[in-house]
Amino acid sequence: MAPSRGLISSIFIRLMAVARYRFIVELTVIFAAVWVGCALLVYFLEVGINPRIHGPIESIYFLLVSMMTSGDTAVVPLTTGGRMVMSVVVILSKLLTALLCALAAAVLIERKLKEEMGLKMHTLQKHIVLVGWNLKGGQIITTLRHEAQHHSTPILVMADLEQKPVDDPFVLFTRAGHPIRGESLARASLSSAALVVLLANYNERQHADALTTVNCLMARKANPGARIVAELLDPSQRLYLEAAGADAIISIGDVGGFLLAEAAVGNRQAQQLLDSVARRPVEDADK
């Protein structure tokens, strides 16, 4: 009983901490107070006179039907006081119901907009995070979805975009700058992710690998146990990504980037090819 009571108190405090939720709670309380208070008033005015009113329960039900619909025509107040109370109740109920519906719609619209714009706080476990977005993002998501082990795994995209890059209801989105940091890490639940894929920013040809390295450092610091797959533009910068904690590094100069999705899903043949490429001297990779 005590834990459930504490949970209810916690939820109530959180609701009251946000202005719009507090307004909804206040309107709900006002609605309930008008309902019960006027029901008891009608009971005292109509009891012994109205054959349909035998006790407070009948009066409360009678008022609820009248407030939520156009009224129960089989139950009509017979006293002047009862009719006055009923008139006030019907008017107030319509106003309160309209306000509650408008606020509920505003909350739902705001939540949808936050989700599309990448401002929603996500609470996920063992999910996949794509940091950055480029032409390979869609291919990686498609490859992951075709793998049995990742068929239903949540996929979250962290990118500096105005809205979600793919029209997929099962792909989540969090807006994040370069490099990733602060609140965006919390919104993406990166600390509990199972796989992190770092995509290169093609708009930053000179500093793309440096940004990827910083993102790798931030991801590894936030989640020491996650598998990190990173995309590399300049093969000579491989050592920096290795030092930053990347588990697999895919260099466009070495393999053309076609193994990025396969490495993300843990394809053994792709990993063997990447290992063999990684053992090549940097001078050979640059030729």
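Things worth noting here:
- Scanning segment 181-236 for residues that are in contact with an Asp or Glu (Cβ under 7 Å, 6 or more places away or on another chain) and of a type outside the set (S, T, N, Q) returns L198, L199, A200, D209, L211, R227, I228, V229, L232, L233, D234, P235.
- Summed over segment 144-171, residues that are in a helix (DSSP H, G or I) and touching a helix residue (DSSP H, G or I) at 6+ places or on another chain (Cβ under 6 Å) total 2.
Matching residues to (1) modelled with pLDDT of 80 or more; (2) open to solvent by less than 70 Å² (accessible area, probe 1.4 Å); (3) among the aliphatic types (A, V, I, L, M):
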| position | (1), (2), (3) |
| --- | --- |
| A2 | no, no, yes |
| F12 | no, no, no |
| A17 | no, no, yes |
| I24 | no, yes, yes |
| A33 | yes, yes, yes |
| V36 | yes, yes, yes |
| Y43 | yes, yes, no |
| E46 | yes, yes, no |
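- Per the listing K126, K112, K94, the residue uniquely over 12 Å from the mean Cα position of the chain (by Cα), among the basic types (K, R) and farther than 30 Å from R227 by Cβ is K94.
- Every pair of residues 6+ apart whose Cβ atoms lie under 7 Å, when the first sits in segment 128-154 and is within 18 Å of A194 (Cα to Cα) and open to solvent by 30 Å² or more (accessible area, probe 1.4 Å) while the second is in a loop (DSSP other than H, G, I, E, B) and modelled with pLDDT of 85 or more: P154/L124; P154/H127
- Where a residue in segment 40-60 is within 12 Å of T79 (Cα to Cα) and its partner, wherever it lies, is assigned to a loop (DSSP other than H, G, I, E, B) and acidic (D, E), with Cβ under 8 Å and at least six apart: none
- Scanning segment 48-96 for residues that are open to solvent by 40 Å² or more (accessible area, probe 1.4 Å) and modelled with pLDDT under 80 returns R52, M68, T69, S70, D72, T73, A74, V76.
- Scanning segment 106-137 for residues that are farther than 26 Å from N201 by Cα and at pLDDT 80 or above returns T123, Q125.
- Each residue in segment 41-65 was checked for being over 20 Å from K94 (Cα atoms) and among the aliphatic types (A, V, I, L, M), and 5 of them qualify.
The values are calculated or read from the model by the stated rules, or taken from the named source; none is laboratory data. As the structure is a computational prediction, the values presented were derived from the model and not from experiment. Note that each Cβ is placed from the backbone with ideal geometry, even for glycine, and that neighbours are counted across all protein chains shown. What goes into the accessible areas is simple: the full protein's heavy atoms, side chains included, and nothing from ligands, DNA or RNA. Shrake-Rupley method; radii C 1.70, N 1.55, O 1.52, S 1.80 Å.
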